[in-house]
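Inspection log for the structure reproduced underneath, given as structure tokens.
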Amino acid sequence: MTAVGGVTQPRGATRWLLRANTWLVYGFFYAPIVLLVVFSFSGNRNVGVWGGFTLDWYRDFASDGNVQGALRNSIQIAVASTVVSVVLGTAAALALERFTFRGRQVFDALLYLPIIIPDVTMAVMMLLFFAQAAELLGFSKGFGTITLSHIAFNISFVSVVVRARLAGMDDRLEEAARDLYATRWQAFRHVTLPLIMPGVAGGALLAFTLSLDDVVITQFVTGPGWTTLPVYVFGLIRKGVTPLINAVSVVMLLASMALVALSLATQRVRGGQDAIDARVGPDQGLP
Amino acid sequence: MTAAVEITGVSKRFGDVVAVDDIDLRIDDGEFFALLGPSGCGKTTTLRMIAGLDFPTTGSLKIFGHEVGTLPPNKRPVNTVFQNYALFPHMNVLDNVAFGLRMQGTDKATARSAATAAIGLVRLDGMERRRPAQLSGGQQQRVALARALVNEPKVLLLDEPLGALDLKLRQEMQGELKSLQRELGVSFVFVTHDQEEALTMSDRIAVMDEGRLLQIGTPEEIYERPVNRFVADFIGQTNLLEGTVEDGATVCLVNGARVAARSDLTAGTRIALSIRPERATIHHRDHGTGPDAGSAVDGEVVAVTYLGNALVHRVKLDWMEIEVREANDPDRPRFAVGDPVTVAWDPSAAALVADR
Amino acid sequence: MTGTLPPVDVAPPEVEEDAAPATPEFEAASLRQERRRGLLMALPAYGYLVLFFALPLLIVVVYSFATRNRFGGTDLSGWNIDSYRRLGEPLVRDILFRSVALAVITTVICLVVAYPFAYYMATRSEAVRNLMLVFVMIPFWTNFLVRNFAWRVILGTDGPLSQVTEAVGIGETRLLFTQTAVVLGLVYGFLPFMVLPLYADIERIDGRLLEASRDLYATGAQSFRHVLLPLSMPGVIAGSILVFIPSLGAYVTPEILGGAKTTLLGGYIVTQFLTARNWPFGASLSFVLMAVMLTATIVYFRKGGRTL
Ligand SMILES: Nc1ncnc2c1ncn2[C@@H]1O[C@H](COP(=O)(O)OP(=O)(O)OP(=O)(O)O)[C@@H](O)[C@H]1O
Ligand SMILES: [Mg+2]
């Protein structure tokens, strides 16, 4: 909101309530996370009860073959689905923001659906779809079915992020490049692409995170040998909580945090680069 | 001599909108040519068609005799200074300016040294490493100019290049642009909706409205002999007195008054008499020293505006109001609201314009 | 700004080859080509979504009209609407009702908490605002399962919350496996979805409008009621949809924090597929869920909503 003078600032009790509410929300957001981390170092078998400092659960985590295998599966699927969805999602974003074509509106709507559809519904869709497809083609569920499903929702998220970036970019820059003797490809390569790169990177990180996070859809389309980490942990939780889950959760938490940090960094690259450039000299901007 | 730009029968339609309607235009080599008209009249569209950013619906577009109407922008020897500059935000000034040469295949070192020279030409030495965001509006404008000129285009297209600058900078840049154009001898096609800017800078002006070209001529021709009401009204200020041609020397105004006006139009043609406020004079009616009744009308002063160096009088005639502007001369009589006056003009200063 | 450019080792640009004058046919062809380019670029994603999203959606609809056979399989013949009839059964009605009720409660709580929060955030200085935003984004990006699990730890019988309440003297809390726990988990999970659109909308509002309303004799409350709230309405609706839809279809949260007596729609659907093996019925439930979601979003966009 644009800067406002004192008159419209709430006063007295309202102001106090606003501030208290803000702190409470942050407390609500972070207290569980902090407690989770704390108890992952607790020596008590009963999660949530302090029993002296220990690293046992992390040792268990490192030596548990199931967990390690699930982690490996998760990462493989996340990488594969991210790569594909970044390419398809970016192309879709470019098509929607820079071109008109027949079926554009239908495509636009179709692209929105995976974002707002509840997980469970999408899980059911993929289950029935692959059941039918398997009947016709005869394949078994696993890496392929999970990755294909993840791509189906990730394309949408990538395209939303990239589109936001494209919408904020002056489309006359591309025309300027064309006017300055660039071919279509050169204009894309040297002007459009570098400018939407933070969006592409942000979209990639979001896709990677969503793929690593997904439980419901994956659970419906997974097959033997392809349990992912969240699916495995979810299974464990349903059987009964153990401190090992605590440790695994903290590791997953750290991964999430690292991804947030990365995504924040990519959004800042631009500004940082400007600063470096002004001091150090010409950069690779010139093709 | 072949024209720098020759446009013949060019139209552009966007769906149902006719943005440019069958225009013919010839721009000479080395000419400073302005496209002038109100918002939405098709100036930008015309410029974009010359640049190749839009293709005409029909018509021929030649640059130095070569037909280019259907060539993509990268194959045309023209460059554009965009309305809001469109500088590449991820490149520094040097790389922005070198971009065009690089795209044409010039090696990096040559492109950069040429760019450095062009940056010097627009007096931005030392700014090579800045990003566009670190420059003022005026500086960005110069970068945009250097970025286009470094390619040595055959024609430079400028779309309201000064529109975003404040008044003082704008006037300064007008002078600089003009002298730069004279030095380089390249034709500039300059789009503006500011008539004063067009008048002061251009060798010739094309006035457009609703996609049509109304008149092409030197600033003087356009100002002194506008072809129709629209041009007369759009360029400078004017009073338009409607009437019909009576014979080759007389026009009958709507109130029945007969005034002198030479024309070769047939009797009965509806026209308007365009009289610039500064070309009319104002006189007290009762002084008896009234001017020749053949080029004067009677009225009453309804407002006097003091402008310092001039005085503007609004005079109410029987059927309309007109303005008379006089230099602020202490020897001239003063007028007050309510004074009965006569407004007169030199018949040669009144232009007959088509009434539409 | 005078002088000439020094000669460069490159020839100035030339027209390599004369082109043909423009014709309506050429213009139309170039327009068509441009469209084809756009379509070509969209095509991979378009095709992918048609095959792996639209088609599966269609299959769900088809299945919802199919019949479950005696072996737990599905006969894709003998179309009927039995699955939809079952929606009226008391058990199913209870589940539907409970799911909607919990989703509504969750949405309302989120709105009540998030609005003042977003307002406070939007009225800070830019640096503070961005920092606050980052600290909202972190939980938003954090693994959903982990965040639910954290509450399992906190709410456990001997967990931290219970210990605190016992120490204070109000006795141990027994929240885990109750509907309250589920709502808590849902609010925790989806609060950022409410905060972000609200913040985006309130942040955009010109603060001078509030000043103007005060200048025109509005009290603080009136200025909120008649200026701030209407202007931020799109954010309120967008946020509500973004919280309501996933809450209605929630599966993970009730599974971790809820009990046997708190089955919700999401869990019930999963049961139809993984345990009860009644796919047609599960498909019809999914379809109902999807219909609710579609209606909500279409109404939102019709009412002038921009993005979700
Ligand atoms: N891409 C387009 N699609 C549809 N209509 C267009 C397009 N470009 C221009 N027009 C229409 O063509 C007409 C002329 O537009 P143009 O931009 O050439 O005007 P202009 O003289 O440059 O105006 P301004 O002074 O406002 O820049 C306008 O009515 C405009 O709405
Ligand atoms: Mg324009």
If you check A:25, A:47, A:67, which single one turns out to be buried (at least 16 other Cβ atoms within 10 Å of the Cβ), in contact (Cβ under 8 Å) with a residue 60 or more places away in the chain and within 9 Å of chain C (Cβ to nearest Cβ)? A:47
Say whether the condition of being of a type outside the set (Asp, Glu), within 16 Å of ligand 1 (Cβ to nearest atom), in contact with a Leu (Cβ under 8 Å, 6 or more places away or on another chain) and not in a strand (DSSP E or B) is met by at least one residue in region B:84-95. yes
Taking into account only those residues within region B:18-55 that are within 9 Å of ligand 1 (Cβ to nearest atom) and in a helix (DSSP H, G or I), which is farthest from the chain's Cα centre (by Cα)? B:48
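Which of the residues belonging to region B:126-159 are among the acidic types (Asp, Glu) and within 16 Å of ligand 1 (Cβ to nearest atom)?
We begin by selecting, within region B:126-159, every residue among the acidic types (Asp, Glu); these are B:128, B:152, B:159.
The one that is among the acidic types (Asp, Glu) and within 16 Å of ligand 1 (Cβ to nearest atom): B:159.
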If you go through region B:160-182 one residue at a time, do you hit one that is in contact with a Leu (Cβ under 7 Å, 6 or more places away or on another chain), within 30 Å of residue B:9 (Cβ to Cβ), more than 16 Å from ligand 1 (Cβ to nearest atom) and not charged (D, E, K, R)? no
Only residues that are outside any helix (DSSP H, G or I), within 27 Å of residue A:82 (Cβ to Cβ) and facing another protein chain (nearest Cβ under 7 Å): list them for region A:165-215, please. A:215
Can you work out which of the residues in region B:161-187 that are within 22 Å of residue B:99 (Cβ to Cβ) and within 16 Å of ligand 2 (Cβ to nearest atom) is modelled with the highest pLDDT? B:161
Go through the residues of region B:2-17 one by one and say whether even a single one is more than 12 Å from chain C (Cβ to nearest Cβ), within 13 Å of ligand 1 (Cβ to nearest atom) and not in a strand (DSSP E or B). yes
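Return the only residue of B:86, B:3 being crowded, with 22+ Cβ neighbours inside 10 Å, touching a residue at least 40 places away in the same chain (Cβ under 8 Å) and of a type in the set (Gly, Ala, Ser). Explain how you work it out, then say what you get.
On the way: B:3 fails: crowded, with 22+ Cβ neighbours inside 10 Å.
Criteria check complete, one pass: B:86.
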Report yes if some residue within region B:295-308 is in contact with a helix residue (DSSP H, G or I) (Cβ under 6 Å, 6 or more places away or on another chain) and within 27 Å of residue B:261 (Cα to Cα); otherwise report no. yes
Would you confirm whether or not region B:127-146 contains a residue that is in a strand (DSSP E or B), touching a residue at least 12 places away in the same chain (Cβ under 8 Å) and buried (at least 21 other Cβ atoms within 10 Å of the Cβ)? no
Residue B:209 - would you say it is within 16 Å of ligand 1 (Cβ to nearest atom), in contact (Cβ under 8 Å) with a residue 12 or more places away in the chain and either buried (at least 21 other Cβ atoms within 10 Å of the Cβ) or away from chain C (no Cβ under 14 Å) (or both)? yes
Test residue A:241 against the stated conditions and say whether it is at pLDDT 95 or above and crowded, with 17+ Cβ neighbours inside 10 Å. no
In the list B:13, B:102, B:76, which residue meets the criterion of being without any contact (Cβ under 8 Å) to a residue 24 or more places away in the chain and more than 13 Å from ligand 2 (Cβ to nearest atom)? B:102
Region B:192-205: number of residues that are assigned to a strand (DSSP E or B) and modelled with pLDDT under 95: 1
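Any idea how many residues of region C:199-219 are at the interface with another protein chain (Cβ under 7 Å from one of its Cβ atoms) and either more than 32 Å from the chain's Cα centre (by Cα) or on the phi > 0 side of the Ramachandran plot (or both)?
Number of matching residues: 2.
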Could you list, in sequence order, the residues of region B:56-68 that are touching a residue at least 24 places away in the same chain (Cβ under 8 Å), at the interface with another protein chain (Cβ under 7 Å from one of its Cβ atoms) and in a loop (DSSP other than H, G, I, E, B)? B:56, B:57
Which condition breaks for residue B:173 when tested against (1) hydrophobic (A, V, I, L, M, F, W, C); (2) more than 10 Å from chain C (Cβ to nearest Cβ); (3) part of a helix (DSSP H, G or I); (4) within 27 Å of residue B:236 (Cα to Cα)? (2)
Looking only at region C:53-75, decide whether some residue is polar (S, T, N, Q) and modelled with pLDDT of 95 or more. no
Please identify the pairs in which a residue from region B:35-55 that is in contact (Cβ under 8 Å) with a residue 12 or more places away in the chain has its Cβ atom under 8 Å from the Cβ atom of a residue that is near ligand 1 (Cβ under 6 Å from one of its atoms) and assigned to a helix (DSSP H, G or I), counting only partners at least 6 apart or on another chain. B:35/B:43; B:36/B:43; B:37/B:43; B:54/B:45
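The values are calculated or read from the model by the stated rules, or taken from the named source; none is laboratory data. This one's a predicted model, so the numbers in the text were calculated from it and none came from an experiment. Every residue, glycine among them, receives a Cβ derived from its backbone with ideal geometry; neighbour counts consider all protein chains shown.
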